[in-house]
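Input: a single structure, listed below in structure tokens.
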Amino acid sequence: MRSTQKKVLTKVHVLFLVQSCLIGTGILQLPQKLSSMGYSQAFMPILFSIIATITLWPMILLNSKFPTNNLFQINEILLGKIIGKFFNFLLVLLFTIICIDSISSYMLLIQSTALPEQTITLPVICFLALLVYLVRGGIFAIARFSILTFFITIPMVLFTKWAIQKGEFSHFFPLFNFTFQEFYEATKNGYLSFLGYELILFYYPFIIQQKSAFKYATIGIWISGVLMLITTGVSVMYFSEWQLSNIEFAVLNIFKAGEYSFIERIDIIGMTLWIFLVYSTVALYLWAANEGFKSLILAKSQIHLYILVIAIFIALIIPLSQHLKEKIFTINNYVFYLLLLWPIFLSIIYFFRKKQVQQ
Amino acid sequence: MIFVKIIIRTSSAKWLKKINTKYSPNAQYTLQLLHLLSDNSNDIIFQKKQTSEGFVTIIYSSSLVEKMTLQAVVLVPLSHSIYQIYQTAEPIHFKQIAALEQKINAGNTILYFHETQQYLALDTYSAPIRAITNTEIESTVIGPQDSFTESLETNISLIRRRIRSHLLKNESMYLSSNKQYQVSIMYIDNIVNKKLLRKLKKRLQHVNPTSLLDTAMLKQLIEDNPFSPFPQYYMSVRPDTIAHYLLDGRIALLINNSQTVIVCPTSFFEMFTSIEDYYNRWTTATLLRSLRFFGFFLTIMITPTYISALTFHPDLLPYELLLNLQESRSKVPFPPLFEVLFIELIIEVLREAGSRMPAKVGQTIGIVGGIVIGTAAVEAGLISNILIVLVATSALLSFLPPTFIMSNTSRLVRYFFIIAAGCFGLFGQMLVFVWLFIHLLRIRSLGEPYMAPFIPRKWTDLLNSVIRFPMAFLKHRMGISKSQKS
């Protein structure tokens with residue numbers, strides 16, 4: 001088991017790793033996932049940002065106790081080799097499924113709108129080949145790609161201009177017009193779009209200035225929070241309540257409001273440009289899965305990455321029913337909530353086994 | 001001794017090269033060996049002269065030594081003040097046949113004194129060199145107009161003229177085992193990053209080229225990613241550009257007989273900067289830089305977007321514009337992908353043919369080619385006239401980068417985009433775009449990130465990025481230099 005990692009990530013890298021991973025594909029469906037709250041959903045990203053900041057704290061606390069180890073290694077240290085490896089296996093599975101989920105939902109979107117007359121096999125192969133190329137560059141390459149992704153995609157915020165112009169500001173009122181059940185439903189479904197920051201548990205050993213990791217990760221969370229706030233806010237202004245609950249990729253439909261004399265469908269550009277965000281998210285999860293795989297067997301081999309990518313490819317092209325797929329993804333997503341609590345659980349174990357661990 | 005005589009009389013020069021020096025038992029045999037080794041070289045002159053010191057054999061290459069120089073440096077002192085020769089010449093042992101041969105081929109004159117059996121070498125290199133002229137490759141409107149020549153000494157002097165400091169160092173080293181290729185590494189001692197310097201020297205030590213005719217060849221041997229289409233070191237023929245980079249803490253590489261000088265490390269962004277940016281006012285410089293930089297992305301996107309819009313996303317364009325495009329393509333029987341590939345390849349052929357031909361013929365080819373493509377091809381229904389406009393714009397944009405190698409790269413990368421657009425439309429374009437950025441993020445220049453300063457080494461780099469701030473703000477050296485004094 002490796003105990004030391006080469007520190008390559010600066011605080012700026014941490015900021016953008018957190019920020020880019022949060023945006024991903026989740027934001028595209030966020031207004032629909034929050035639709036149970038109707039127009040009151042607009043301010044939910046603020047709540048999510050607060051929850052994320054609170055849950056980030058135990059993660060950093062745990063990592064600070066093991067500054068040279070990632071969660072896979074911490075699991076083995078605190079839970080013992082066999083139980084630790086078992087949980088690591090589950091984590092690898094979890095991350096692989098999230099990769100499949102993100103890629104399949106994006107590819108579905110591409111096929112339905114940009115490439116309606118083609119099968120998706122070849123584009124998926126190209127997508128995965130590039131993904132391998134990115135992940136092989138390591139966490140440093142992914143971090144730098146995340147920075148670039150932010151600056152390439154941020155101009156898309158300008159596309160919301162027309163939706164704001166055409167939207168109704170009065171939709172925001174009355175404030176807090178929802179029941180507890182609606183709030184619970186929205187939080188349960190919507191917070192999934194806010195996941196991604198928990199991966200700091202895995203790249204923490206690579207951070208140079210570990211003491212400022214919390215600060216910069218929080219800034220990353222809040223940048224994403226503000227972007228999601230803009231998205232939900234504009235969606236609330238532009239769509240009716242029925243539309244919010246029925247339009248799957250509301251954000252792309254916001255782009256459709258744009259009017260240029262030389263471009264008709266800005267949403268196609270937005271959708272294809274979104275690939276950068278998908279890559280920055282999926283690459284980070286795949287990198288984490290690969291690291292976990294390495295902790296299970298053959299630490300120095302590169303074959304894990306290829307095995308994982310082949311597994312993802314098979315899962316993407318296998319003709320499973322949409323219903324089954326969605327069920328697997330939903331279960332997987334709920335397991336993610338447990339991952340948020342996992343650092344607290346490990347911190348308790350650390351408290352009891354502190355002396356043993358230090359020995 | 002008899003054995004050596006037999007070898008000399010019977011063996012070929014090629015075999016003799018392999019003879020160990022121990023077979024030359026005295027200076028006289030060395031002379032005979034030298035004679036034999038230069039058997040087929042008519043420009044290697046052996047001249048025997050009677051002097052006050054006895055007989056002297058003068059050996060030199062008539063193609064590397066001018067008669068005037070020979071007269072002044074060798075013949076006159078031989079007849080009048082022979083002690084002057086002893087003072088300036090370098091003695092060489094008779095057993096060092098390879099060294100003697102090398103000296104002759106480097107333009108030295110060898111003197112063999114028969115009485116004392118002594119070999120002396122005198123530096124008489126005086127091969128004709130080109131005068132310092134205006135640069136044709138990197139011409140600028142404002143600023144100095146001189147450019148490097150093929151003479152290493154001249155090039156070094158052009159740099160030294162601009163940086164008059166004892167801290168400007170010029171280290172020489174040989175690249176091949178036969179000491180044929182001399183490289184000069186120039187840097188400013190108190191600024192340059194010593195770690196980068198050591199890294200470069202180490203790379204140069206591992207290079208053993210079979211032929212090295214230009215620094216462009218050397219560059220490919222010492223680049224970090226030789227398989228990448230992107231040039232990772234800057235190349236320039238302008239002394240002011242090289243001086244600018246040296247003052248920024250970079251390292252310059254010069255070789256003899258090459259007009260271009262390598263600068264390392266350099267970033268992707270710097271491939272779009274010109275020294276003229278600093279001679280212009282900051283506002284104008286910023287405008288021109290932006291044009292060059294964004295021009296690169298436009299040139300790789302214009303024609304692929306045409307393919308994507310017509311093949312996969314007709315709803316991307318407004319109805320009126322789409323109607324125009326369709327009307328323009330009404331006679332064209334090919335799909336947009338082949339139409340674009342056809343015209344792009346013709347442009348490439350024209351460019352290549354134009355650059356290889358004599359200047360006057362080249363211009364004619366350009367005009368004739370332009371008319372043929374511009375009118376005849378459209379009338380023949382081979383291509384649409386809207387595509388002509390797009391291709392012409394794209395071709396012009398590709399020539400914006402000041403470094404010609406980057407122009408070539410942009411044209412190559414454009415083909416990746418064209419094919420991807422033909423296969424998957426805008427999605428394909430974005431896939432290649434992602435590849436482009438991942439690739440640019442992964443490659444390095446002398447171990448330093450190629451994407452600096454956009455992924456900055458330090459924030460002050462952004463003052464001298466696409467936007468060139470006024471000179472008063474440019475107080476810091478670029479982060480990629482990792483200079484000792486920033």
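At-a-glance table
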quantity: Tally, over segment A:95-136, of residues that are facing another protein chain (nearest Cβ under 8 Å) and polar (S, T, N, Q); calculated: 1
quantity: Hits in segment A:93-111 - residues which are within 17 Å of A:Tyr334 (Cα to Cα) and open to solvent by less than 10 Å² (accessible area, probe 1.4 Å); calculated: A:Phe95, A:Cys99
quantity: From the options B:Ile438, B:Ile443, B:Ile418, B:Ile405, residue that is of a type in the set (Val, Ile, Thr), open to solvent by less than 10 Å² (accessible area, probe 1.4 Å) and over 22 Å from A:Ser280 (Cβ atoms); calculated: B:Ile418
quantity: Residue in segment B:456-463 that is crowded, with 17+ Cβ neighbours inside 10 Å and either at positive phi or not charged (D, E, K, R) (or both) present; calculated: yes
quantity: Options B:Ser355, B:Ser290; residue that is among the polar types (S, T, N, Q) and in contact (Cβ under 8 Å) with a residue 12 or more places away in the chain; calculated: B:Ser290
quantity: Tally, over segment A:284-303, of residues that are basic (Lys, Arg) and either within 10 Å of another protein chain (Cβ to nearest Cβ) or in a helix (DSSP H, G or I) (or both); calculated: 1
quantity: Segment A:242-283: number of residues that are at the interface with chain B (Cβ under 10 Å from one of its Cβ atoms), outside any loop (DSSP other than H, G, I, E, B) and either aliphatic (A, V, I, L, M) or touching a strand residue (DSSP E or B) at 6+ places or on another chain (Cβ under 6 Å) (or both); calculated: 8
quantity: Residue tally, condition closer than 21 Å to A:Tyr285 by Cα and either open to solvent by 40 Å² or more (accessible area, probe 1.4 Å) or of a type in the set (Gly, Ala, Ser) (or both), over segment A:336-352; calculated: 4
quantity: Test result for A:Ile139, part of a helix (DSSP H, G or I), more than 10 Å from chain B (Cβ to nearest Cβ) and touching a residue at least 24 places away in the same chain (Cβ under 8 Å); calculated: yes
quantity: Residues that are more than 12 Å from every other protein chain (Cβ to nearest Cβ), in a strand (DSSP E or B) and at pLDDT below 90, drawn from segment B:449-486; calculated: B:Asn464
quantity: Residue list for segment A:143-158, restricted to those being more than 24 Å from A:Leu199 (Cβ to Cβ) and either within 14 Å of chain B (Cβ to nearest Cβ) or buried (at least 21 other Cβ atoms within 10 Å of the Cβ) (or both); calculated: A:Pro155
quantity: Residue check for B:Thr69: open to solvent by less than 20 Å² (accessible area, probe 1.4 Å), of a type in the set (S, T, N, Q) and free of Cβ contacts under 8 Å to residues at least 60 places away in the same chain; calculated: no
quantity: Selected residue [over 24 Å from the mean Cα position of the chain (by Cα), hydrophobic (A, V, I, L, M, F, W, C) and at negative phi] from B:Phe272, B:Phe312; calculated: B:Phe312
quantity: Among (1) out of contact with any Gly (no Cβ under 9 Å at 6 or more places or on another chain); (2) over 29 Å from B:Gln182 (Cβ atoms), the one test that B:Val74 misses; calculated: (2)
quantity: Cβ-Cβ under 8 Å pairs, at least 6 apart or on other chains, segment B:417-438 side more than 10 Å from chain A (Cβ to nearest Cβ), far side among the charged types (D, E, K, R) and in a helix (DSSP H, G or I); calculated: B:Ile418/B:Glu344
quantity: Any hit, segment B:315-331, residues being buried (at least 16 other Cβ atoms within 10 Å of the Cβ), within 28 Å of B:Leu440 (Cβ to Cβ) and either modelled with pLDDT under 95 or more than 14 Å from chain A (Cβ to nearest Cβ) (or both); calculated: yes
quantity: Test for A:Tyr334: is it in contact with a Lys or Arg (Cβ under 9 Å, 6 or more places away or on another chain), assigned to a helix (DSSP H, G or I) and away from every other protein chain (no Cβ under 14 Å); calculated: yes
quantity: Among (1) open to solvent by 60 Å² or more (accessible area, probe 1.4 Å); (2) within 13 Å of chain B (Cβ to nearest Cβ); (3) farther than 30 Å from B:Tyr450 by Cα - the single one A:Asn177 does not satisfy; calculated: (2)
quantity: Residue list for segment A:213-241, restricted to those being aromatic (Phe, Trp, Tyr) and either within 13 Å of chain B (Cβ to nearest Cβ) or more than 19 Å from A:Phe43 (Cα to Cα) (or both); calculated: A:Phe214, A:Tyr216
quantity: Check on B:Asn190, farther than 26 Å from B:Leu441 by Cα, more than 18 Å from the chain's Cα centre (by Cα) and either at pLDDT below 90 or among the polar types (S, T, N, Q) (or both); calculated: yes
quantity: Inter-residue pairs, beta-carbon under 7 Å, first farther than 10 Å from B:Trp282 by Cβ and in segment B:464-480, second among the hydroxyl-bearing types (Ser, Thr, Tyr), 6+ apart; calculated: B:Val466/B:Ser290; B:His476/B:Thr460; B:His476/B:Ser486; B:Arg477/B:Ser483; B:Arg477/B:Ser486; B:Ile480/B:Ser267
quantity: Condition met for A:Phe72 (away from chain B (no Cβ under 14 Å), open to solvent by less than 10 Å² (accessible area, probe 1.4 Å) and in contact with a helix residue (DSSP H, G or I) (Cβ under 8 Å, 6 or more places away or on another chain)); calculated: yes
quantity: Residue list for segment A:245-266, filter: of a type in the set (D, E, K, R) and touching a residue at least 40 places away in the same chain (Cβ under 8 Å); calculated: A:Glu248, A:Glu259
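Rundown of residues vs (1) open to solvent by 50 Å² or more (accessible area, probe 1.4 Å); (2) basic (Lys, Arg); (3) modelled with pLDDT of 90 or more, yes/no style:
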{"position": "B:Tyr181", "(1), (2), (3)": "no, no, no"}
{"position": "B:Arg198", "(1), (2), (3)": "yes, yes, yes"}
{"position": "B:Arg203", "(1), (2), (3)": "yes, yes, yes"}
{"position": "B:Asn208", "(1), (2), (3)": "yes, no, no"}
{"position": "B:Leu213", "(1), (2), (3)": "yes, no, no"}
{"position": "B:Glu223", "(1), (2), (3)": "no, no, yes"}
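The values are calculated or read from the model by the stated rules, or taken from the named source; none is laboratory data. Small disclaimer: the values here were computed from a predicted structure and weren't measured. Positions of Cβ are backbone-derived with ideal geometry, glycine not excepted, and every protein chain shown enters the neighbour counts. Ligands, DNA and RNA are excluded from the accessible area calculation, which covers all protein heavy atoms including side chains. Shrake-Rupley method; radii C 1.70, N 1.55, O 1.52, S 1.80 Å.
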